[in-house]
Amino acid sequence: MFKALILVCAVSMPDCVTIEDTRGPYGTRDACVQRVDEMITDLAPVLPPNPDIKFKCAKVGGEAT
């Protein structure tokens, strides 16, 4: 299972912002990346000019130890 996370930074922003998906987790990394693309598209109207955007599909879950 994968959880989608986006980090947005820009010169015009005092701090970088982490955006965490609320729909997931996703069964495959590909599904997670697809969700990241959707999130970035949805965020585009409110992002500052020339943002630096990074993403991570973090693995979640697993067996208890």
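Database remark: amide H of Ala10 closer than 5 angstrom to the amide H of Asp52 (H placed geometrically; neighbours at sequence offset of 5 or more, or on other chains; Pro and chain starts carry no H). Computed over the chain, the range of Cα coordinates on each principal axis works out to 43, 23, 15 Å, biggest value leading. Counting 0.36 nm for each residue step from Leu7 to Asp42 and taking away their Cα separation leaves a gain of 11.2 nm. Charged side chains reduced to their Cβ positions (Lys and Arg at +1, Asp and Glu at -1) give the chain a dipole of some 160 debye around its Cα centre. Residue-wise HN-Hα couplings along the stretch 39-50, as the Karplus relation 6.51 cos²θ - 1.76 cosθ + 1.60 with θ = phi - 60° gives them from phi, are 4, 5, 4, 5, 7, 3, x, 10, 7, x, x, 6 Hz; Gly and Pro carry x.
Just so you know, all these numbers are worked out from the coordinates, no wet-lab data involved. Keep in mind the model is a prediction, meaning the values are calculated, not measured. Virtual Cβ from ideal backbone geometry, glycine too; neighbours counted across all protein chains shown.
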